[in-house]
Amino acid sequence: MKRDILYVDDEPSNLIVFEAAFEETFNVYTAANADEALNFLKSQPVPVVVADQRMPDMTGVEMFGLIRKIYPHTQRVILSGFADSDAIIDAINEGQVFQFVRKPWQRVELLSVLHRALDAHDLAVQNSVLTERLLVSERCAMLGQASGRIAHEMANQLNILPLIELIEDDYREDEQLLEFAEVARLTYERLTELIEEVKAFVRFQPQNAELKPLDLDESIHELASFIRFSRTVPQEQLSIDIRARPKILGHKLKLHQVLVNLIKNASHAIADRTEGRVQVTLDKADGDAVISVSDNGTGISPENLERIWEPFFSTKGDAGNGMGLDVAKRLIAAQNGEICCESELAKGTCFTIRIPLLAEGKDDSPEKNSAAPANPSSAKPVPLS
C-alpha cells in the first residue's frame with residue numbers, strides 16, 4: 001500500500017517534478033506555501049513532509065517547527081540549494097528536521113531518505129504506544145498497592161451488619177425503615193464483595209463470579225431504590241422504563257455496579273441543565289435482554305468517544321479516574337454480554353447493554369440444575385477478567 005508524502009514548495013515547476021518522480025511509489029500531495037500545508041495537515045496528517053527551505057512568508061525550517069509541535073511523529077525533510085546551512089544544521093540539532101537534502105536532488109538519494117523517514121515515523125508511533133502502556137502499567141502497580149491498604153481499612157470499618165439485622169428483627173412493622181435496611185444490606189453486600197475482589201487482585205488470585213438466574217425487572221427496581229436513597233440523581237430527573245421482564249444468567253451485584261457507574265456519569269452530564277433527564281430502560285430484543293442508560297446532557301466528542309473504554313482515560317479532569325467504563329466493559333463481558341455507546345455533542349449519550357436471555361424453563365444455577373455438580377463449589381465459575 002502506498003504511503004502518503006506531502007511536498008511543499010512555492011515553485012510550481014518543482015511541485016510538478018517532485019510529483020512525477022515519486023507518484024508511482026507514494027501518494028504525493030503538494031502545497032504551494034506553509035499556510036496551505038498546515039491547513040492540509042489539519043484534515044489529513046501524513047507521516048512525512050518534504051519542504052523547500054526558501055519560501056516567502058515562512059521558511060521550511062520555521063514551518064517544521066510548527067508541524068513538530070502539532071504532529072510530533074511526522075518526519076520532516078528539508079531541501080535547499082542555498083548557503084543557509086547554519087539555520088538548517090541548528091534545526092537538525094534541535095530535532096525539527098529529520099534530514100537535509102541539497103538541491104538539485106537525485107531521485108535515488110531522496111527516495112532512500114523518504115523510506116528511512118517513513119521507518120522513523122513508524123518507530124516513533126510504536127515508541128509512543130509502548131511508553132503509554134508502560135505508564136498505564138506503572139499506574140496499575142501503584143493502584144494495586146494502594147488498593148490493598150484501602151481494602152484492609154474498609155474491611156475493619158465495615159461492621160454495620162448487626163445493626164441492619166437488629167432493624168429487620170425489631171422493626172418489622174415499619175415498612176419505610178425496612179426499606180432503608182434493605183438498601184443498607186444491598187450496599188453492605190456490594191462493599192463486602194468489592195473488598196474481597198480487591199484483596200484477591202492484590203494477592204494475584206483469579207477473580208471469579210458465579211452466574212445465577214436473574215430477574216432483571218426485580219434487579220432494576222432494587223437499583224432504583226438504591227439510587228433514590230443515595231441521591232445519585234435527583235428523583236425528578238430519573239425515570240425507569242420497564243418494557244419487558246427478561247431473565248438472564250448474570251451477577252446482580254456486578255450488574256448494579258455497572259449501572260450505578262453509568263447513571264452517575266449521566267448525572268454529571270446533565271448537572272448544568274435544568275431540563276436534564278436520565279432514563280434507564282429495560283427491554284428485550286433478538287434473544288437478548290437490553291438495558292440502556294441515556295441522558296440529554298453534554299454528549300461526548302467523536303475523538304473522546306473512541307477512547308472512553310481505555311483505562312485511566314477520563315473527560316472529567318480531576319473529578320474522574322478513568323477506570324469506570326473499562327471495569328464496566330469487563331464486568332458485562334464476564335456475563336456473556338456486551339456494552340456500547342452512542343453520543344452526540346450537546347444532545348446526549350446512550351449506553352446500551354445486551355446480555356443473552358435465559359431460555360424459558362432453563363435454570364443453570366448449581367442449586368437448581370440437576371445436571372450441575374452436587375457440590376456447588378465444583379461448578380466452574382466465570383472469570384471476571
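Quick check: residue separation of Ala244 and Glu342 times 0.36 nm, minus the Cα distance between them. What number comes out in nm? If you can, show how the numbers build up before the last one.
On the way: separation 98, 0.36 × 98 = 35.28 nm, distance 2.25 nm.
My answer for the length gained is 33.0 nm.
Measure up Lys2/Lys42; Lys2/Lys347; Lys247/Lys316 against 31 Å on the Cα-Cα distance and list the ones that go over. It would help to have the intermediate numbers written out before the result.
Working: Lys2/Lys42 20 Å; Lys2/Lys347 39 Å; Lys247/Lys316 35 Å.
Exceeds cut-off: Lys2/Lys347; Lys247/Lys316.
Please state the shape class of the stretch 3-128: rounded when a/c is under 1.5, otherwise prolate if a/b exceeds b/c and oblate if not, all from the C-alpha gyration tensor.
Details: a/c = 1.20, a/b = 1.07, b/c = 1.13.
Judged from the Cα gyration tensor, the stretch 3-128 comes out rounded (a/c under 1.5).
Go through 327-334, 212-219 and give me the packing order, highest mean Cβ count within 10 Å leading. Working shown, then result.
Values: 327-334: 18.8, 212-219: 17.2.
Descending packing order for the listed peptides: 327-334, 212-219.
For the stretch 226-333, just say rounded, prolate or oblate: build the C-alpha gyration tensor, square-root its eigenvalues into a ≥ b ≥ c, call rounded for a/c under 1.5, and beyond that prolate if a/b exceeds b/c, oblate if not. Please report the intermediate quantities before stating the final value.
On the way: a/c = 1.66, a/b = 1.19, b/c = 1.40.
Oblate.
With a 10 Å radius around each residue's Cβ, average the other Cβ atoms per peptide and rank 169-178, 119-128, 27-36, highest first.
Details: 169-178: 10.7, 119-128: 13.5, 27-36: 16.8.
Order by mean packing, descending: 27-36, 119-128, 169-178.
Sequence-distant or interchain residues sharing an amide H contact under 5 Å with Arg3, placed H: which?
Amide H to amide H, under 5 Å and 5 or more residues apart or across chains, Arg3 pairs with Asn27.
Check the straight Cα-Cα distances from Lys103 and name the aspartates and glutamates below 20 Å, setting aside those fewer than 8 residues away within the same chain.
The qualifying aspartates and glutamates are Asp9, Asp10, Glu11, Glu19, Glu23, Asp52, Glu62, Asp84, Asp86, Asp90.
Each value in this text was obtained by applying a stated rule to the coordinates, not by laboratory testing. Remember, it's a predicted structure, so these values are computed and weren't measured experimentally. A quick note on method: Cβ atoms are made from the backbone with ideal geometry, for glycine too, and the neighbour counts reach across all protein chains shown.
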